[in-house]
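To start, the structure under review is shown below, and the notes come after it.
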Amino acid sequence: MSDVLAGAARIDGFSGEQLRPGDAGYDEARILWNGLFDRHPALIARCISTDDVVAAVNYGRENGLEIAVRSGGHSAAGHSGVDDGLVIDLSQMKRIDIDPDAQTCVAQPGLTWGEFDGATQIHGLAVTGGRFSTTGIAGLLLGSGSGWLERKCGLTADNLISAQVVTADGRVLRASKDENPDLFWGIRGGSGNFGIATEFEIGLHKVGPMIYGGLLGCAPDRATEILTFMREYMATAPEDLGIGVAFVSAPPEPFVPEEMHFAPIVGIVVCWTGSKEEGEKVLAPIREVAQPGVDMVGEMPYVALQSMLDGGGPYGIRGYMKAELLQEMSDDAIAELVSQGGQRPGPMVQLLLEPLGGAIGDMGEDDTALGRRDASWCYHALSLWMDPSEEVAEAHVAWAKNLTQAMKPYARDGVYLNFTSDDDEDRVRASYGPKYERLQALKDKYDPENLFHLNSNIKPSS
Ligand SMILES: Cc1cc2nc3c(=O)[nH]c(=O)nc-3n(C[C@H](O)[C@H](O)[C@H](O)COP(=O)(O)OP(=O)(O)OC[C@H]3O[C@@H](n4cnc5c(N)ncnc54)[C@H](O)[C@@H]3O)c2cc1C
């Protein structure tokens, strides 16, 4: 541990809380969503302003501390915690100002999607947000941003108008298409590599407050028919339709017949943002093919849909995540996914398949750091478990790795890195593909010492 921290020095000019081991609140503040990562930082600097962030960045850099940046704490890879280092914690910065006429907002990075959606839905506005309401807006937006609205509104990052960013040398910059446009390009997909975002200006869309959505619970033996049908149907479906097909276990909830509790099902999550009448028509062919045993699709608040899956991924659960973009959902790919979905190693494991397309392709391939906008489907393997034993962990990790291996012939050569627990150098390079060199040049310009390296790291060239 650094002498400075061992001596319990304080960050000068810092207004928020500074938590060290033994302080009241330290243990709560260091907990990450992924219980696999039990990090013990030497100092957690809970920022309440951009000035605090500047002071913390300068303090960390000048004292040679390893720095982790934390907003919502949902990093699958545990990047937002660090042993014996400095956590720059933005979770207390939760202001949001909404301009309903302009359909924009200015939001701070400590907001979760539940908080963000709650505020914007008062005005009947939304942007593509995470599927778990406890996820932070910052890490999700900077890394890409996928959600039920992506076919209608594009990726979350596509809706960024500007951001305030604290760079490694402690400068406060604005990034937009007119100011520091290179930085603006890079933070839309390059995540936390170039600085700490302390404010986001985001474009919003008219959505809700009521939508037509929910969950269809179907027998697993319908899986092949459902996916084969969805492949065709979603290729031309209206952008108002967001869908996910998931291999999951039925929750022991009152709305699920008792004989189905914990049983494997194929769940279809539906988010239709048009009228109920149109939604019923659009859903009719899906209902016919899926033959759901449980039909919970109806009019519901958008915010209710956005928190519907929360119970399946509580804070502190253990998780290992893999994901890939698929070029096409071929018959063989479907057969493999159905087989893998049937081998889930535990009841909390989810294999989620999402049709992409729609507004994701409105942004040009080179407009942001995020490419592969023509991918047709994506799979997310969320291998989640509670049991702390090593055998259980091994089985869960092995399932996700085997699945990825088996799906290799159908996958693109990279993925948006937020979705995966494995983001070593090769994976990062492959995922950015031809954009890696441009990102590396940005890293050289904004963070040549790689101060911000606890992330899907883009290494400086020297
Ligand atoms: C259960 C679960 C469900 C998920 N569902 C979705 C989903 O539906 N859609 C989707 O797109 N993604 C999803 N993700 C992935 C999610 O987007 C990433 O984990 C994201 O990083 C979480 O954001 P956060 O602010 O909570 O992250 P944190 O853990 O706080 O931060 C993760 C990393 O993001 C960077 N970062 C965070 N805040 C800042 C900042 N203010 N400035 C600069 N860099 C910053 C840092 O590099 C940090 O290490 C999910 C993850 C999990 C675990």
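Read-outs throughout are calculated quantities, based only on the coordinates presented, and are distinct from any laboratory measurement. Because the structure is a prediction, the values reported are computed rather than measured. Please note: Cβ atoms are built from the backbone with ideal geometry, for glycine as well, and neighbour counts cover all protein chains shown.
Of the residues LEU325, LEU155, the one with the fewest other Cβ atoms within 10 Å heads the list, and the complete ranking is LEU325, LEU155. Loop-located GluC sites (Glu not before Pro) in the stretch 360-462 (DSSP state other than H, G, I, E, B) with a sparse environment of at most 16 neighbouring Cβ atoms within 10 Å: GLU365, GLU449.
Can you pull out the chymotrypsin sites (Phe, Trp or Tyr not before Pro) in the stretch 229-272 whose DSSP state is coil and whose Cβ has at most 13 other Cβ atoms within 10 Å? List each step's numbers first, then the result.
On the way: sites: PHE229, TYR233, PHE247, PHE255, PHE262, TRP272; in loops: PHE255, PHE262.
In loop regions of the stretch 229-272 (DSSP not H, G, I, E or B), the sparsely surrounded chymotrypsin sites (Phe, Trp or Tyr not before Pro) are PHE255, PHE262.
Pairs exceeding 31 Å between alpha-carbon atoms, taken from LYS206/LYS435; LYS94/LYS206; LYS152/LYS445: LYS206/LYS435; LYS152/LYS445. With each label modelled as a point 7 angstrom along the Cα→C-beta vector, the ASP367-LYS206 pair spans 2.1 nm.
Please work out the Cα convex hull volume for the stretch 267-374 and give it in Å³ per residue. The partial results should precede the final answer.
On the way: hull volume 18.6 nm³, N = 108.
Cα convex hull per residue, to the nearest whole number: 172 Å³.
Given that compact globular proteins tend to follow 2.2 N^0.38 Å, what is the ratio of the alpha-carbon Rg of the stretch 13-89 to that value? Walk me through the numbers on the way to the answer.
Values: Rg = 11.5 Å, N = 77, 2.2 N^0.38 = 11.5 Å.
After normalising by residue count via 2.2 N^0.38 Å, the value is 1.01.
Using a cutoff of 8 angstrom between alpha carbon atoms and counting only pairs six or more residues apart, the relative contact order for the chain works out to 16 percent.
Counting alpha carbon pairs within less than 8 Å and at least 6 residues apart, what relative contact order, in whole percent, applies to the stretch 411-461? The partial results should precede the final answer.
Details: 44 pairs, mean separation 19.2, N = 51.
Worked out over the stretch 411-461, it gives 38 percent.
Evaluated with a Cβ-only charge set (Lys, Arg +1; Asp, Glu -1), the stretch 13-89 carries a dipole of roughly 140 debye about its Cα centre, given to the nearest 20.
Note down the net charge around PRO252, summing +1 for each Lys or Arg and -1 for each Asp or Glu among other residues with Cβ under 12 Å from its Cβ.
Numbers: positive: none; negative: GLU253, GLU258, GLU259.
Around PRO252, the surrounding residues sum to -3.
Treat every Asp and Glu Cβ in the chain as -1 and every Lys and Arg Cβ as +1, leave all other atoms uncharged, and give the resulting dipole magnitude about the Cα centre to the nearest 20 debye.
Numbers: 37 positive and 67 negative charges, 57 e Å.
So the magnitude is around 280 debye.
If you look at the Cα atoms of the chain, you get an Rg and a Dmax of 21.6, 68 Å. Each label point was placed 7 Å from the Cα along the Cα-to-Cβ direction; for ALA398 and ASP310 their separation is 3.6 nm.
How do SER275, SER307 line up, fewest other C-beta atoms within 10 Å first?
Numbers: SER275 13, SER307 17.
With the sparsest Cβ surroundings first, the list reads SER275, SER307.
Counting Cα-Cα pairs of the stretch 210-419 in 5 Å increments starting at 0 gives whole-percent bin shares of 1, 7, 15, 18, 20, 18, 13, 6, 2, 0, 0. Taking the stretch 29-60 and a reference point 7 angstrom along Cα→Cβ of ALA102, no backbone N atom is nearer than 12 Å.
Candidate cross-link partners of LYS401 among the lysines, defined by an alpha-carbon separation under 25 Å and a same-chain spacing of 8 or more, comprise LYS322.
Size descriptor for the stretch 257-307, Kirkwood hydrodynamic radius: 12.5 Å (Cα pairs only, one decimal). Under conditions of 37 °C and 0.692 mPa s, the stretch 336-462 yields 197 µm² s⁻¹ as its translational diffusion coefficient, taking Rh as the Kirkwood radius over Cα pairs in the Stokes-Einstein equation. The modelled label-to-label distance between ASP374 and ASP169, using points 7 Å beyond Cα along the C-beta direction, is 4.1 nm. Of the residues HIS396, LEU215, GLY114, the one whose Cα sits farthest toward the positive end of the charge dipole of the chain, with +1 on the Cβ of Lys and Arg and -1 on the Cβ of Asp and Glu, is GLY114. The slack between LYS276 and GLU28, meaning 0.36 nm per residue of separation minus the straight C-alpha distance, is 85.0 nm.
I'd like to know how the stretch 96-206 sits against the 2.2 N^0.38 Å rule of thumb: what's its Cα Rg over that expected value? Walk me through the numbers on the way to the answer.
On the way: Rg = 13.0 Å, N = 111, 2.2 N^0.38 = 13.2 Å.
Against the empirical 2.2 N^0.38 Å value, I get 0.98 for the stretch 96-206.
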